[in-house]
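Data block below; observations after.
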Amino acid sequence: MKDTAQPTRRSFLLLVPLGIFASIAGAAFRFLRPRISAATNRWVDVAPVNEITGSQPVNRKIVVQHIAGWATTTEQHNVFVLPAKGNLVLSPVCPHEGCEVLWISQLNQFACPCHESYFAADGARISGPTPRGLDALPSRVQDGRLQVHSGLPQEPGNRA
């Protein structure tokens, strides 16, 4: 009579490949799993508050680190600071199709070069196909420096 409590050679040969497969799958998951970014909750310096003066929008460049899966890239983005509006920070991305707007100081307005949308000096919509004015970005003052949230500005694209 056979003792069924004893593992047989056949059951052992079935369990070995399953164990190897489980080990490889666990290691692959751990290796292939994209990194979770801590950079999405960071604030990025725009400029010292005492350097932002005047009545017209001030164009500043910010440096943002983007993490997508395993790739980390550092990119520069423009933002517009409105000193007359308490250092409100505006995204330069047109809400219509995602083109970057330009400040035209002679006309005292922003203009989108792609589809002729125009915005007032405070970012409000004047005319064109854009559905709304320019978006304000989350900002704060920390240790005398104006900062914006690192997840911004948004990448160009249809945001309407």
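The values are calculated or read from the model by the stated rules, or taken from the named source; none is laboratory data. The structure displayed is predicted, hence computed values, not measured ones. Cβ atoms come from the backbone with ideal geometry, glycine included; neighbour counts cover every protein chain shown.
Filtering region 65-98 to residues that are hydrophobic (A, V, I, L, M, F, W, C) and modelled with pLDDT of 90 or more leaves Val79, Phe80, Val81, Leu82, Leu88, Val89, Leu90, Val93, Cys94.
Of the residues making up region 51-67, those that are surrounded by 13 or more Cβ atoms within 10 Å (Cβ to Cβ) and of a type outside the set (Asp, Glu) are Ile52, Gln56, Pro57, Val58, Arg60, Ile62, Val64, Gln65, His66, Ile67. Of the strands (runs of 3 or more DSSP E) lying entirely inside region 109-154, those containing at least 3 residues that are under 14 Å from Phe80 (Cβ atoms) and over 14 Å from the mean Cα position of the chain (by Cα) span 109-111. Being in a loop (DSSP other than H, G, I, E, B) and at pLDDT below 80 is the requirement here; does Thr53 meet it? No: the conditions fail for Thr53. Among the conditions (1) under 28 Å from Leu107 (Cβ atoms); (2) in contact (Cβ under 8 Å) with a residue 12 or more places away in the chain; (3) surrounded by fewer than 12 Cβ atoms within 10 Å (Cβ to Cβ), Val81 misses just one, which is (3).
Collect the residues in region 86-108 that are in contact (Cβ under 8 Å) with a residue 60 or more places away in the chain and assigned to a strand (DSSP E or B), keeping them in residue-number order.
Residues of region 86-108 in contact (Cβ under 8 Å) with a residue 60 or more places away in the chain: 91-93, 95-98.
Across region 86-108, the qualifying residue is only Val93.
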